[in-house]
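Laboratory data are not the source of any read-out in this text; all were calculated from the coordinates shown. Just so it is clear, the structure is predicted and the values come from calculations on it, not from any experiment. With ideal geometry, Cβ positions are generated from the backbone for all residues, glycine too; neighbour counts draw on all protein chains shown.
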Amino acid sequence: MLSPAAREQILALCDRYPEGKRKSAVMDALFIAQGEQGYLSPETFREIAELLHLAPVHVAAVATFYTMYEKEPVGKHIIDICCNISCLLRGSSEIIAHLEQRLGITRGETTPDGLITVREAECIGACSQAPAGQVNYRFFEHLTIEKVDEILDQLQAGKALVSPEEVTHG
Ligand code: FES
């Protein structure tokens, strides 16, 4: 169930759009729900649909079209490594294998403590900075094993990630 605060936030979104255009609030509403719950369930689709006076299938269609909406439980931090051609040629397989080995999980899985999910991603549009990935949807480019270790050290220590420019190895 969404909290009363989240429900209020979603209803407030409707004021941004002209009468009869509540559909336009769906993407923001999904982000509010995901921010609160960590992922989006069919029950959440129904709740959002009810608030926006839409068919649940419309909300579900938007959520399932875009990959940035999580439809399954994920870790507190999500590491996506691009495995498309430029990144593949520049070593993304080694990067993701190192993540799997260090965290004791395979791609698509979450660590048992719920801290980190590792996934393969399709091209994230940073081909000239390959190999590239995202941590919580923030870009990290020219990845190396050392950079990945530095990122993992920070996440596991509960520290805020330094900016990509400050990750200096490689
Ligand atoms: S191929 Fe990896 S970002 Fe494009």
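What does the charge count around Thr67 come to, taking other residues whose C-beta lies under 10 Å from its C-beta (Lys +1, Arg +1, Asp -1, Glu -1)?
-1
To test your reading of the geometry: what angle, between 0 and 90 degrees and rounded to tens, separates the Cα axis of helix 26-37 from the longest principal axis of the chain?
Approximately 60 degrees, to the nearest 10.
Under a Cβ-Cβ limit of 4.7 Å, which cysteines in the chain have nobody to pair with?
Lacking a cysteine Cβ partner under 4.7 Å: Cys14, Cys83, Cys123, Cys127.
On C-alpha positions alone, give me the angle between the axis of helix 42-52 and the longest principal axis of the chain, in degrees, nearest 10.
50
Let me have the 222 nm mean residue ellipticity of the chain computed from DSSP H runs of 4+ only, each contributing -39500 (n - 2.57), with the sum over all residues rounded to the nearest 500.
Counting only the DSSP helices, I get -12500 deg cm²/dmol.
How compact is the stretch 85-170 by the rule of thumb for globular proteins, expressed as Cα Rg over 2.2 N^0.38 Å?
Against the empirical 2.2 N^0.38 Å value, I get 1.02 for the stretch 85-170.
Suppose R0 equals 35 Å; then what is the FRET efficiency for Glu120 and Met1 from their Cβ-Cβ distance, rounded to the nearest 0.05?
With a Förster radius of 35 Å, E is 0.60.
Tell me the label-point distance for the pair Lys76, Leu89, using the 7 Å Cα-to-Cβ offset, in nm and rounded to one decimal.
Placing both labels 7 Å beyond Cα along the Cβ direction yields 3.9 nm.
What's the percent breakdown of Cα-Cα distances in the stretch 49-122 across 10 Å bins, shortest bin first?
18, 37, 26, 14, 5
Quick one: Cα centre-to-centre distance for the stretch 58-82 and the stretch 20-41, in angstrom?
Cα centroid of the stretch 58-82 versus Cα centroid of the stretch 20-41: 12 Å apart.
Could you work out the relative contact order of the stretch 4-65, using alpha carbon pairs under 8 angstrom and six or more residues apart, expressed as a whole percent?
In percent, rounded to a whole number, it is 33.
Test of understanding: what is the full-extension gain from Tyr69 to Glu36, defined as 0.36 nm times their sequence separation minus their Cα-Cα distance?
Gain in length upon complete extension: 10.6 nm.
Rounded to whole Å and ordered largest first, report the semi-axes of the equivalent ellipsoid of the chain derived from its Cα gyration tensor (root of 5λ).
Taking √(5λ) for each eigenvalue gives 34, 17, 15 Å, largest first.
Give the angle, between 0 and 90 degrees and rounded to the nearest 10, that separates the Cα long axis of helix 145-156 from the longest principal axis of the Cα atoms of the chain.
50
Could you list, bin by bin from short to long, the percent of Cα-Cα pairs of the stretch 4-65 in 10 Å steps?
24, 62, 14, 0
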